[in-house]
1. Taking the Cα-to-Cβ direction at B:D139 and at A:E143 and moving 7 Å from each Cα, how far apart do the two end points lie in nm?
2. How far is the Cα center of region B:69-115 from the Cα center of region A:118-190, in Å?
3. Using the number of other C-beta atoms within 10 angstrom as an exposure proxy, rank B:S119, A:S37, B:S95 with the fewest first.
4. With the crude spin-label approximation of a point 7 Å out along Cα→Cβ, what separation in nm comes out for B:K149 versus B:S119?
5. Whole number please: convex hull volume per residue of the Cα set in region B:56-126, in Å³?
6. Let me spell out the model: positive unit charges on the Cβ of Lys and Arg, negative unit charges on the Cβ of Asp and Glu, origin at the Cα centre of region B:81-128. What dipole size does that give, in debye rounded to 20?
7. Arrange A:F142, A:F87 by Cβ neighbour counts within 10 Å, fewest through most, would you?
8. Under the 0.36 nm per residue contour assumption, what length would be gained going from the current alpha-carbon distance of B:T69 and B:Q102 to full extension?
Amino acid sequence: MDSRRFDRRGRRLPKATKIVVAGGFGVGKTTLVGTVSETKPLRTEELLTDKSVGVDDVEGVEAKSTTTVAMDFGRITLKDEFVLYLFGTPGQERFWFMWDEITLGALGAVVLADTRRLADCFPAVDYFERRGTPFIVAVNCFEGSRRFELDEVEMALNLGEHVPIVLCDARDKESCKNVLVTLVQHARKTRREKRPVEV
Amino acid sequence: MTMSDPEQEEASKGLPDAEPEGAIVDGDESHERWLDEQAGPLVRPYVMTRGRTEPVRGTFDLITMVVATGLPAAPELGMDPEHQAVVRLCEEPMSVAEIAGQLNLPTVTVRVLLGDLLSKGLITVEDPQTEDELADDDDLYLAVIDGLKAL
Ligand SMILES: Nc1nc2c(ncn2[C@@H]2O[C@H](COP(=O)(O)OP(=O)(O)O)[C@@H](O)[C@H]2O)c(=O)[nH]1
Ligand SMILES: [Mg+2]
C-alpha cells in the first residue's frame, strides 16, 4: 500500500530523491546542475558549528564566527508526483559533514573530472568508494577531451572495473541527461547485485 | 567559561564562536554584545529561532517535502514573520533545501521553524526513503531513468 501523504487538495506530496554532483573546484558542478534543472540553481549557506566541524578541521578555518559553507542544488520535476534534486558538493573538501548530509539517501553520485587537473577528483572518488555510494566518473570536455583519454583516466583513477566513465559537456542538456541516466542505470545494477536473493 | 543561565546557554550552543575574544561572557550584557558585534548577518538566523538549533518535532532531511496544511494560523499560535513566510512558500510542495534557498536562511534555522509549524499542525511533511528502502524500490530507479530520458 502506498503510504504517501496527501495535501489538503487531495494531491499526493511528491516523492523526492536526489543525486550528488561532486568534483574539484571549477570542474563544472554548478554548470551541470543548472543545465538540467528547471530553475536557476539554488544555494544555501550553512553555518559551521562545533558539532559539524571535527577538531582536526577547525585549523585553517579562518574567521570562525563567520564561516559558512555554500551548497548548490537544483530541482527536476520528473512527473507530477516525482522530484529529483541534484546537489553539488561544497568546494572545500574539509567540510565532510556536508558531504555526509548531501550523500545520505542519494541514488548515487556523479564525479566530474577535468583531465588537466585529474587529481582534483581523487578525494571525491575515495569518498564514494569508502562509503559504498554508487558513482560514475564524467570527464568534462573543457578542451575537447577525446575518447582515448578515458582509458588514461580509468588507469589513473584505478577504478573498480564496472565503474562507468563517460565524456560530457556540462553546458549541454542532452549530454548531462546522458550522464545522469548512466549513473542511475549503474546505481540500479549495483544495488540489485548487493541485495541478497530473496527466498 | 561559566554559564549559569540555561536559556543563554541554549542560545549560544549552535554559534560557531559564541565567545568572542575579549567579550564578557557572563550575564545579559555579553549576550547583547555578540548580538550587536559578532558574526554580522549570521546572528539573524539564531535570533529568529530564539537561539534554538534543534526542531521541537521532526528531523527534516534536506529533501523532506513540505506542504502547508491550509489550517489558519491563529494569532495565539505565536507565529513569527519567518514562520508565515515558510507557510506561504509551502502553498506548493517544496523541499527543506528549497525553503532554505528561497528564504536565504541556513537549513538549521529552517528546520527549527518547520518543527514549530509541524507541532502546530500547519504543515504536512513527507520524509525521503532510507538507503535500504531505496535499494528495494526498483520502480523508483526505473521511474527516474524514464523521467530523465523524457526531459
Ligand atoms: N569549456 C567548458 N567550460 C565549462 C564546462 N563546464 C563548465 N565550464 C565553465 O567552467 C567554469 C566553472 O564551472 P562551475 O560550474 O562554476 O564549476 P564548479 O566549481 O564545479 O561548480 C565556468 O566558467 C563554466 O562556464 C564545459 O563542459 N566546457
Ligand atoms: Mg560551484
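1. Output for this residue pair reads 5.0 nm.
2. 37
3. Numbers: B:S119 14, A:S37 20, B:S95 25.
Ordered from fewest to most neighbouring Cβ atoms within 10 Å, B:S119, A:S37, B:S95 come out as B:S119, A:S37, B:S95.
4. Computed distance between label sites B:K149 and B:S119 equals 4.8 nm.
5. In region B:56-126, the Cα hull volume divided by residue count equals 73 Å³.
6. Details: 3 positive and 7 negative charges, 33 e Å.
Approximately 160 debye in magnitude.
7. Working: A:F142 15, A:F87 27.
Going from sparsest to densest Cβ surroundings: A:F142, A:F87.
8. Gain on stretching B:T69 to B:Q102: 9.9 nm.
All of the numbers you see were taken from the coordinates with simple rules; none came from a lab. Just so you know, these numbers come straight off a predicted model, no measurement behind them. Cβ atoms come from the backbone with ideal geometry, glycine included; neighbour counts cover every protein chain shown.
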